[in-house]
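What follows is calculated from the coordinates using simple rules that are stated; it is not laboratory data. Because the structure is a prediction, the values reported are computed rather than measured. For neighbour counting, all protein chains shown are included, and Cβ atoms are generated from backbone atoms with ideal geometry for every residue, glycine included.
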Amino acid sequence: MSNQLRIVAFTAISLVIIFFVGSYAYKSYKNSEIKKMAREDKTLFEREYSYSVGSKDAKVHIVEFFDPACETCAAFHPFIKDIMKKNEGKIRLTYRYAPYHQGSDYVVKILEAARKQGKFMETLEMMFATQKYWASHHNPNPKLLWQFLPRLGLDVDKLAQDMQDPKLDKIIAQDLNDAKKLGVTKTPSYFVNTKPLQTFGYEPLKKLIYSEL
């Protein structure tokens, strides 16, 4: 191998090493920053109004920033449910809003209005199941959800009225503000006992949850 090729190879290897070291250093820094924020203000992860499922005494608390129009959120939903079922009483899940998709604010308001009728989870699962009809990324039309809502036994007139509550805009704004402070830029984003999921995927999330159990 010529000296020129050796220099090129050495430079390439050095760049790879620098990339991985830099990536690790950034993740460590971000993790420590979030830990610091968690000590100073735990409401960043869960507000008084936030919807949660599972025991308040659970050993593991998962916080998920999600968007009802997010396909990946829909895909991870049964995965999380299965883990919670297998560890009943040990895991609590809190939902936070990060409506980044077009029209998602409207969908969040439907979900919160349905919550007033005790139908939060049923409505969320219906939204995930019917995403392909109303959440096309090329032409989203959240109003198509109204054809499915009566099937859940919801009072649609009351639902439409409750959607106008100004408090819902404040909830969305607060969740987006918390998401920004915590460095959430995409959905779903997970925090397990305030620890952020560093590498996204089913197995890394499962590993993080079980490490806390």
With each label point set 7 Å from Cα along the Cα-Cβ vector, what nm distance links Lys207 and Tyr133?
3.9 nm
Added length on full extension, which subtracts the Cα-Cα distance from 0.36 nm per residue, Arg151 to Lys116
10.9 nm
Long-range amide H partners of Tyr100, meaning residues 5 or more apart or on another chain whose placed amide H is closer than 5 Å, are none
Rg over Rh [alpha-carbon atoms, Kirkwood Rh] for segment 43-212
0.95
Here segment 64-75 yields Karplus 3J(HN,Hα) values (6.51, -1.76, 1.60; θ = phi - 60°; whole Hz; Gly and Pro given as x) of 10, 8, 9, 10, x, 8, 7, 5, 5, 4, 5, 5
For segment 155-213, state which chymotrypsin sites (Phe, Trp or Tyr not before Pro) are in a DSSP loop and have at most 13 other beta carbons lying within 10 Å of their beta carbon.
Phe200
Computed about the Cα centre, the charge dipole of segment 43-212 from +1 Lys/Arg and -1 Asp/Glu charges at the Cβ has a magnitude in debye, to the nearest 20, of 340 debye
Distance violations [Cα-Cα > 29 Å] among Lys85/Lys186; Lys59/Lys158; Lys90/Lys186:
Lys59/Lys158
Counting other Cβ atoms within 10 Å, which GluC sites (Glu not before Pro) in segment 55-89 have at most 13 and lie in a DSSP loop?
Glu88
